[in-house]
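Engineer: Take a look at the following structure, please.
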Amino acid sequence: MCASTTSSEPEAFTYVEDIMSKNIVKIGADKSIQDVANIMTERNISSILLEDSGKIIGILTERDLVRNVCAKDLLASKTPAVSIMSSPVATVSRNSLVERAADLMVKNKIRHLPVEDNDGNIIGVITTTDLARYLRRKLPSTDPEILDAIYAFDEPYGAAL
């Protein structure tokens, strides 16, 4: 969905939907942290959306699990997901430029930003990994060691160690 380039335009714009991850998972708000962690592990995802009556009410990330469950020594099977979710959920339009998404992520200090379609439905998520991949393609002249270090975060756990 990139805009076409003309001789007066040096390059096309890149929109959020061009680089977002479409692998999103939504679960009911009644789930425990253990349920969330199991689903995230099974699906190899780093965030999950919580919904109630079809409406997104929060987001949980691996970072939330570490900071709010592990670090506090909470019992995952007894801790409701809603008790540690981030809410309200910041979102970005699929038609926004990638730079807009990056700006929102920095301003809100988040690493996962759900993407909405024109009707307000969540259709994807843009992550710091998506932004790193985008930069890797966009900046081919960047020092390969720097790019490899950034891209290593996309490897399965332990692969870069």
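Engineer: What is the one condition in (1) among the β-branched types (Val, Ile, Thr); (2) in contact with a His (Cβ under 8 Å, 6 or more places away or on another chain); (3) surrounded by fewer than 18 Cβ atoms within 10 Å (Cβ to Cβ) that residue 66 does not satisfy?
Structural biologist: (2)
Engineer: Right, another one. Kindly establish whether residue 69 is in a helix (DSSP H, G or I) and among the β-branched types (Val, Ile, Thr).
Structural biologist: Values: in a helix (DSSP H, G or I): yes; among the β-branched types (Val, Ile, Thr): yes.
Against the criterion (in a helix (DSSP H, G or I) and among the β-branched types (Val, Ile, Thr)), residue 69 qualifies.
Engineer: List pairs: first in segment 33-44 and assigned by TED's automatic domain parsing to the domain that holds residue 69 and of a type in the set (Gly, Ala, Ser), second buried (at least 18 other Cβ atoms within 10 Å of the Cβ) and assigned to a helix (DSSP H, G or I), Cβ under 8 Å, 6+ apart or cross-chain?
Structural biologist: Close Cβ pairs satisfying both conditions: 37/65.
Engineer: Taking residue 96 as the residue in question, decide whether it is in contact (Cβ under 8 Å) with a residue 24 or more places away in the chain, out of contact with any Gly (no Cβ under 9 Å at 6 or more places or on another chain), in the same structural domain as residue 125 (by TED's automatic domain parsing) and within 30 Å of residue 13 (Cα to Cα).
Structural biologist: Yes; evaluated as a whole, the condition is true for this residue.
Engineer: Test residue 84 against the criterion of being touching a Lys or Arg at 6+ places or on another chain (Cβ under 9 Å) and either hydroxyl-bearing (Ser, Thr, Tyr) or not assigned by TED's automatic domain parsing to the domain that holds residue 138 (or both), and give yes or no.
Structural biologist: Yes, satisfied.
Engineer: Which fully enclosed helices (runs of 4 or more DSSP H) of segment 87-161 have 2 or more residues being of a type outside the set (S, T, N, Q) and at pLDDT 80 or above?
Structural biologist: Helices (runs of 4 or more DSSP H) meeting the threshold: 98-108, 128-138.
Engineer: Restricted to segment 42-56, and to residues that are within 11 Å of the chain's Cα centre (by Cα) and among the hydrophobic types (A, V, I, L, M, F, W, C), which residue is surrounded by the most Cβ atoms within 10 Å (Cβ to Cβ)?
Structural biologist: 48
Engineer: Given the criteria assigned to a helix (DSSP H, G or I) and loosely packed, with under 13 Cβ neighbours inside 10 Å, does residue 17 qualify?
Structural biologist: no
Engineer: Which of the residues that make up segment 62-82 are free of Cβ contacts under 8 Å to residues at least 24 places away in the same chain and within 20 Å of the chain's Cα centre (by Cα)?
Structural biologist: 62, 64, 66, 67, 68
Engineer: Could I ask something else about it? So if I check each of 59, 39, which one is of a type in the set (A, V, I, L, M, F, W, C), assigned to a strand (DSSP E or B), modelled with pLDDT of 90 or more and under 20 Å from the mean Cα position of the chain (by Cα)?
Structural biologist: Checking each option against the conditions leaves just 59.
Engineer: In segment 69-127, what residues are of a type in the set (Asp, Glu) and surrounded by 16 or more Cβ atoms within 10 Å (Cβ to Cβ)?
Structural biologist: Within segment 69-127, 116 is the sole residue that qualifies.
The values are calculated or read from the model by the stated rules, or taken from the named source; none is laboratory data. A quick note: this is a predicted structure, and the numbers were derived from the prediction, not measured. Reconstructed Cβ throughout: ideal geometry from the backbone, glycine too, with neighbour counts over all protein chains shown.
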